[in-house]
Amino acid sequence: MIEVICNDRLGKKVRVKCNSDDTIGDLKKLIAAQTGTKAEKIILKKWYNIYKDNITLADYEIHDGMNIELYYQ
Amino acid sequence: MANRTVKEAPTIKGTNPQYLIEKIIRSRIYDCRYWKEDCFALTAELVVDKAVELKYIGGVSGGNIRPTPFLCLVLKMLQICPEKDIIVEFIKNEEFKYVRALGAFYMRLVGTSVEIYKYLEPLYNDYRKMKLLNRDDKYELLHVDEFIDLLLREERVLDVQLPRLQKRNVLEENNQLEPRQSVLDEDIDDNETSDESDDEDEKKMKKKEPIPEKSKKKWKDLDKPERSPSPRYARSLSPREKSSKKRRRSRSRSKSKSRSPARDSRKKHSSRHEHRDRKDRDRDRDRDRDRDRDRDKEKRRRD
């Protein structure tokens with residue numbers, strides 16, 4: 001289990017526990033459960049790289065404690 | 001300036017009609033090239049021309065959240081608020097399926113529940129294929145009747161939150177709508193004997209006329225006391241029940257489909273008196289308990 005921190009720089013900062021082999025889509029659902037926005041509306045980015053829904057966290061090399069930027073669609 | 005709703009527009013669901021599409025997506029539509037180039041100064045007639053050129057439906061797509069032309073035209077129609085006749089023409093036209101889809105989507109956004117059911121349900125018979133551009137910028141296959149089904153059942157279609165739609169059985173109970181007649185019913189009836197199917201065809205012709213003033217209640221109020229004290233299974237059949245039983249036997253060859261859930265639940269209750277007896281079980285238990293308690297009290301007093 002790794003813990004990923006998602007920050008939208010407008011006040012919403014959540015720490016989400018997930019597995020390394022979860023996809024970004026699963027991570028978005030976990031974030032949606034914690035924040036209350038719908039999973040389809042969430043965009044996860046790192047600078048200008050938008051993370052795609054069907055690729056796992058391990059493949060994106062997202063490790064424990066990393067920060068991801070949270071945007072909305 | 002260019003993005004303001006036309007002044008005479010009615011408020012839809014209490015707000016500016018453009019606000020039916022959410023702020024973020026609306027901003028993306030205003031910034032996209034299709035809106036700026038093609039949707040500038042469109043009137044109702046020109047919208048028709050643009051709609052005819054549509055090649056696919058879709059919401060937003062791709063990593064940079066690009067809106068599809070379909071969505072841009074939806075927002076444009078919300079901005080200019082065309083008359084209801086125009087929308088009905090969009091829906092009724094047979095030739096262009098994307099124009100039909102556009103009209104149906106707009107009607108779902110701005111129409112009342114009765115209008116939505118009235119105009120969208122005939123489109124269930126359209127089984128043509130459409131292209132749908134999904135979020136990942138890939139095309140998918142969708143049929144027109146599937147799209148209509150999504151509009152009538154889902155809450156969020158093509159990235160637009162749909163306004164609340166009243167349930168069909170509520171409108172049927174209020175006699176604002178007739179119960180749903182599916183085209184498949186005619187196919188089922190074609191398997192039956194010819195004279196029976198003739199009777200039903202006549203009935204369907206009558207039902208297709210505008211809604212009559214009086215229509216029979218389809219549900220039964222189980223809390224109301226029954227009319228006859230004798231149990232239903234012991235009573236002889238009324239002439240109406242006898243004839244309906246006869247028809248139901250031949251129809252049972254096909255799958256039974258009852259159109260209202262109330263009718264289904266009514267069939268499940270085999271005997272009406274089950275309700276009465278279930279509650280009385282507690283009464284018997286309590287009566288025995290009190291009797292035991294009194295008996296023990298007397299025994300203790302005696303000792």
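Values computed for the structure shown
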| item | result |
| --- | --- |
| Computed E for B:E173/B:E45 - FRET, C-beta separation, R0 45 angstrom, nearest 0.05 | 0.65 |
| The range B:1-38 and the range A:50-68: distance between their alpha carbon centers, rounded to Å | 35 Å |
| The range B:1-68 shape via C-alpha gyration tensor axes, a/c threshold 1.5 | oblate |
| Convex hull volume of chain A per residue (C-alpha atoms, cubic angstrom) | 77 Å³ |
| Neighbour-count order for B:F105, B:F70, B:F96, fewest beta carbons within 10 angstrom listed first | B:F96, B:F70, B:F105 |
| Exercise: per-residue mean of other protein chain Cβ atoms within 10 Å, B:136-146 | 0 |
| Relative contact order of the range A:2-72, defined on C-alpha pairs under 8 angstrom at six or more residues apart (%) | 43 percent |
| Sequence ranges A:42-49, A:21-28, B:17-24, ranked by mean other-Cβ count within 10 angstrom, highest first | A:21-28, B:17-24, A:42-49 |
| Cα Rg, Dmax, the range B:88-174, angstrom units | 13.1, 44 |
| Shielding by other protein chains, B:98-105, mean Cβ within 10 Å | 0 |
| Peptide-level mean, for B:6-16, of C-beta atoms on other protein chains within 10 Å | 0 |
| Residue pairs, from the table B:K92/B:K138; B:K13/B:K76; A:K29/B:K13; A:K17/A:K45; A:K13/A:K45, whose Cα atoms sit over 22 Å apart | B:K92/B:K138; A:K29/B:K13 |
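No value in this document is a laboratory result; all are computed from the given coordinates. Model, not experiment: these values are computed from the prediction. All Cβ positions, glycine included, derive from the backbone under ideal geometry; neighbour counts span all protein chains shown.
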